[in-house]
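The values are calculated or read from the model by the stated rules, or taken from the named source; none is laboratory data. Just so it is clear, the structure is predicted and the values come from calculations on it, not from any experiment. Here the Cβ positions follow ideal geometry from the backbone for every residue, glycine too, while neighbour counts run over all protein chains shown.
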Amino acid sequence: MITDTLESLQSALEGLITNKMRASLTMLGVVIGVAAVIALLSIGQGVQESITGSITGAGSNLLFVAPGSFQMGGVESPSGSAASMTYADALAIADPRYVPDAALVAPEFGMNTQVIFGSANLNAKVTGTTATYQPAFGLEVARGRFIIESDVNSRSAIAVLGSQAARDLFGGFDPLGQKIRVAIPGSGGGRVSLTVVGVLAPKGGSRASDPDNAILVPITTAQTKIFDGRNALGEPIVTTVNVEAASEERVDAVATQITALLLQRHGFGPDEEGDFSVVTQADLLVTVQQVTNILVVFLGAIAAISLLVGGIGIMNIMLVSVTERTREIGLRKAVGARKSDILVQFLLEAIVLSVIGGAIGIAVGVGIAKLVDASGVTQAVVSSQAILLAVSFSVAVGLFFGIYPANRAASLRPIEALRYE
Amino acid sequence: MIEIREVTKVYQMGEIEVHALRGASMDVAPGEWVAITGPSGSGKSTLMHIIGCLDTPTAGSYRLNDIEVSGLNDNQLAAVRNGQIGFVFQTFNLLPRATALQQVMLPMQYHRNGSRLPRAERIQRAREALELVGLGDRLRHRPTELSGGQQQRVAIARALAQQPSILLADEPTGNLDSKSGAEVMEILRNLHRERGLTVVMVTHDPKIAAQAQRIIHIQDGLVVDESEKVAL
């Protein structure tokens, strides 16, 4: 029995080897389908994980208060586009009388501008903030120190660099004590010199508000010395207030307290919309997932088309070869093959093609995913479900189109199959 | 050995029914060499296909070695084709990409009665069959590398592979030049004389038919004349 199976397998292999063109074209269909699905789904999942990872990585107790309205499922208006949040609002949020469940409040005022050291020139977001920014985002200082309260009070010309920003600006040099120059937007070439007092430890993960690329300065410095951070009344404004709730359970309570406080401060009724938005991590995650889900579905659709194309490729080869194969089947039956012999032969051929093609497809697909991952364009996460989906579909198509014409031909009387034109 | 009684065969060609055989009867005794002749469309090939179990009769009785063939199922018919009959086609019907050795080993692969021969013995037997038809030096050749006569000799070797008691040849020289045809006929004659093989051959060529011991003449789906060694 075993030797029979081995021998059938051997004759299937011989059959494939004697017709290399047909075999390799069929296999190509499987390879393309499997590789495309694995690569695309891996990239989709990688993008999703890197984005959601950057949000959850910041800490799950966080809330963000921003001017303007934040639309769920829509496009977030750029932070700071409305000048409705003042520094005084941030101080009020930090007041335990108004928001008792807030543990940390870190206001932030930041914009993109040119940062220069020597010949190194970087367009980066310069973020003004306070000492509480460090614990709120769980940042660690690798060298030097973080921004302290006296820096904020005295508008010190200092900066703390993220690990990547420090590398970009200084290469291998020690940044501590060096002066970087920051362009003042709209000043026609005016610059502010800042002394680097600290470098953050690498954190990794997030890309949107990446702490590794951060250039942090005291918020007062950002508002007055670098940017024009004042509203029409001359009050200092903020682009975001980061709030850490005392615990994960208190996040919703903090959101309610802040909303009530700001509605009152901005002169709105308790049921009105307001000119600010309070967003929790959960809200952000839902919104971002809605976006990334579209991406995953989109890539999945492309992958499905690839599978279909691969499947049609397999089908074409199988159907085109049916004339020749029908005569072969007729001959095999004429010399004594049973229908079951024919089906076993074609089944084995299809299995061998699908397995080899599937294996090559997995290798190519995973290879593409790893290449994309290594290129740094985006993360790519190869999931076993993607592999399973791709392989099972291609194997199913391969088996179906391998056996279906064979089954039809094997049911004919030998002389009919032999005469098939 | 072969007893055919009142066999009919009706083909459905779209709307039209084609009566290829209208009640043909004939016998072949063991060790005989019989030629079936007739004009084209007479039903001689259809009769041959039924004898070879490649086709089934619409009605009538066909007994092969005392077994009623029309009562057999598909798998039993496959076993008969495999073990009892060797069939040689006008168009050779070789696998396009297989070597001569592989062609001859094909029927052995489907051997069912008892255990199959080990691979080495099958190769040996196929080699002997090819040597018997004078192709001992062409074992690894593919059909495209062989002449028509050589291809037909491979087909004969394949028909002999399972050591059948009957060799059926449907216009075996029909696609060959006269020299190759003569070689093929020589092989058939030797097989009949020296091995005692029963040979049934279809041909429309009177000169080829004349080499048989007996000629069965078919016309319009009926056996019209049987003659012992007709003089031409």
Q. What is the one condition in (1) modelled with pLDDT under 85; (2) surrounded by fewer than 22 Cβ atoms within 10 Å (Cβ to Cβ); (3) under 30 Å from A:Ile368 (Cβ atoms) that A:Ala301 does not satisfy?
A. (1)
Q. Within the stretch A:304-311, is there a residue that is surrounded by fewer than 17 Cβ atoms within 10 Å (Cβ to Cβ), at pLDDT 85 or above and farther than 30 Å from A:Tyr87 by Cβ?
A. yes
Q) Scanning for something surrounded by fewer than 21 Cβ atoms within 10 Å (Cβ to Cβ), assigned to a helix (DSSP H, G or I) and either in contact with a Leu (Cβ under 8 Å, 6 or more places away or on another chain) or among the acidic types (Asp, Glu) (or both), does the stretch A:116-138 turn up at least one residue? A) yes
Q | Residue, surrounded by the fewest Cβ atoms within 10 Å (Cβ to Cβ), within the stretch B:44-61, restricted to residues that are more than 13 Å from chain A (Cβ to nearest Cβ) and farther than 18 Å from B:Ala169 by Cα | A | B:Ala59
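Evaluate the stretch A:407-416: report whether one residue or more is of a type outside the set (A, V, I, L, M) and more than 14 Å from every other protein chain (Cβ to nearest Cβ).
Looking for residues that are of a type outside the set (A, V, I, L, M) and more than 14 Å from every other protein chain (Cβ to nearest Cβ), one finds at least one in the stretch A:407-416, hence yes.
The rows are residues; the columns are (1) in the same structural domain as A:Ala92 (by TED's automatic domain parsing); (2) surrounded by 13 or more Cβ atoms within 10 Å (Cβ to Cβ); (3) touching a Lys or Arg at 6+ places or on another chain (Cβ under 6 Å).
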{"position": "A:Phe227", "(1), (2), (3)": "yes, yes, no"}
{"position": "A:Ala232", "(1), (2), (3)": "yes, no, no"}
{"position": "A:Ile237", "(1), (2), (3)": "yes, yes, no"}
{"position": "A:Asn242", "(1), (2), (3)": "yes, yes, no"}
{"position": "A:Ala255", "(1), (2), (3)": "yes, yes, no"}
{"position": "A:Gly267", "(1), (2), (3)": "yes, no, no"}
{"position": "A:Thr280", "(1), (2), (3)": "no, yes, no"}
{"position": "A:Val297", "(1), (2), (3)": "no, no, no"}
Q) Which of the following residues is more than 19 Å from B:Gln90 (Cα to Cα), surrounded by 22 or more Cβ atoms within 10 Å (Cβ to Cβ) and not hydrophobic (A, V, I, L, M, F, W, C): B:Gly196, B:Gly221? A) B:Gly221
Q: Count, please, the residues in the stretch A:330-347 that happen to be more than 11 Å from chain B (Cβ to nearest Cβ) and under 19 Å from B:Arg97 (Cα atoms).
A: 1
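One line per residue, one yes/no per condition, for (1) crowded, with 16+ Cβ neighbours inside 10 Å; (2) assigned to a helix (DSSP H, G or I); (3) not assigned by TED's automatic domain parsing to the domain that holds A:Ala106:
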{"residue": "A:Ile147", "(1), (2), (3)": "yes, no, no"}
{"residue": "A:Asn153", "(1), (2), (3)": "no, yes, no"}
{"residue": "A:Leu169", "(1), (2), (3)": "yes, yes, no"}
{"residue": "A:Gly172", "(1), (2), (3)": "no, no, no"}
{"residue": "A:Leu176", "(1), (2), (3)": "yes, no, no"}
{"residue": "A:Gly189", "(1), (2), (3)": "no, no, no"}
Q. Going by the conditions given, is B:Thr144 within 15 Å of the chain's Cα centre (by Cα) and β-branched (Val, Ile, Thr)?
A. no
Q | the stretch A:301-312 residues that are in the same structural domain as A:Ser42 (by TED's automatic domain parsing) and closer than 13 Å to A:Ala39 by Cβ, paired with ones that are assigned to a helix (DSSP H, G or I) and of a type in the set (Phe, Trp, Tyr) (beta carbon under 8 Å, 6 or more apart) | A | A:Leu307/A:Phe393
Q. Going by the conditions given, is A:Ile368 part of a helix (DSSP H, G or I) and closer than 24 Å to A:Ala39 by Cα?
A. yes
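Taking the condition out of contact with any strand residue (DSSP E or B) (no Cβ under 8 Å at 6 or more places or on another chain), at pLDDT 75 or above and either within 14 Å of chain B (Cβ to nearest Cβ) or over 30 Å from A:Thr239 (Cβ atoms) (or both), does A:Gly29 pass?
Yes: the conditions hold for A:Gly29.
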Q) How many residues, within the stretch A:128-151, are under 14 Å from A:Ala106 (Cβ atoms), in contact with a strand residue (DSSP E or B) (Cβ under 6 Å, 6 or more places away or on another chain) and aliphatic (A, V, I, L, M)? A) 3
Q. How about the stretch B:1-49: which of its residues are touching a helix residue (DSSP H, G or I) at 6+ places or on another chain (Cβ under 9 Å), closer than 19 Å to B:Asp205 by Cα and among the hydrophobic types (A, V, I, L, M, F, W, C)?
A. B:Trp33, B:Ala35, B:Ile36
Q: Return a yes/no flag: does the stretch A:349-367 have any residue that is among the hydrophobic types (A, V, I, L, M, F, W, C) and within 14 Å of chain B (Cβ to nearest Cβ).
A: no
Q. Applying the selection to the stretch B:95-120, what residues are at the interface with chain A (Cβ under 8 Å from one of its Cβ atoms) and crowded, with 20+ Cβ neighbours inside 10 Å?
A. B:Gln102, B:Leu106, B:Pro107, B:Gln109, B:Tyr110
Q. In this structure, is A:Ile93 buried (at least 17 other Cβ atoms within 10 Å of the Cβ), within 30 Å of A:Val372 (Cα to Cα) and either modelled with pLDDT of 85 or more or not assigned by TED's automatic domain parsing to the domain that holds A:Ser384 (or both)?
A. no
Q: Kindly indicate the residue of the stretch A:394-418 that is assigned to a helix (DSSP H, G or I) and of a type in the set (D, E, K, R) and also surrounded by the fewest Cβ atoms within 10 Å (Cβ to Cβ) among those meeting that condition.
A: A:Arg408
Q | Lone qualifier among A:Ser79, A:Ser69, A:Ser60 - being modelled with pLDDT under 85, in contact with a strand residue (DSSP E or B) (Cβ under 8 Å, 6 or more places away or on another chain), outside any helix (DSSP H, G or I) and surrounded by fewer than 17 Cβ atoms within 10 Å (Cβ to Cβ) | A | A:Ser69
Q) Pick from the stretch A:323-368 the residues that are among the polar types (S, T, N, Q) and touching a Gly at 6+ places or on another chain (Cβ under 9 Å): which of them is surrounded by the most Cβ atoms within 10 Å (Cβ to Cβ)? A) A:Ser354
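Considering only the stretch A:191-211, state which residues are at pLDDT 85 or above and surrounded by 19 or more Cβ atoms within 10 Å (Cβ to Cβ).
Selection gives A:Val192, A:Leu194, A:Val196, A:Val197, A:Gly198, A:Val199, A:Leu200.
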Q: Among the residues of the stretch B:81-94, write down those that are at the interface with chain A (Cβ under 7 Å from one of its Cβ atoms) and surrounded by 22 or more Cβ atoms within 10 Å (Cβ to Cβ).
A: B:Arg81, B:Asn82, B:Phe87
Q | Odd one out for B:Leu139, checked against (1) within 13 Å of another protein chain (Cβ to nearest Cβ); (2) part of a loop (DSSP other than H, G, I, E, B) | A | (1)
**Q.** the stretch A:223-235 residues that are over 18 Å from A:Pro185 (Cα atoms), paired with ones that are modelled with pLDDT of 85 or more and surrounded by fewer than 19 Cβ atoms within 10 Å (Cβ to Cβ) (beta carbon under 9 Å, 6 or more apart)
**A.** A:Glu235/A:Ala88
Q | Subset of the stretch B:65-92 [closer than 17 Å to A:Ile342 by Cα, polar (S, T, N, Q) and under 19 Å from the mean Cα position of the chain (by Cα)] | A | B:Gln76, B:Asn82
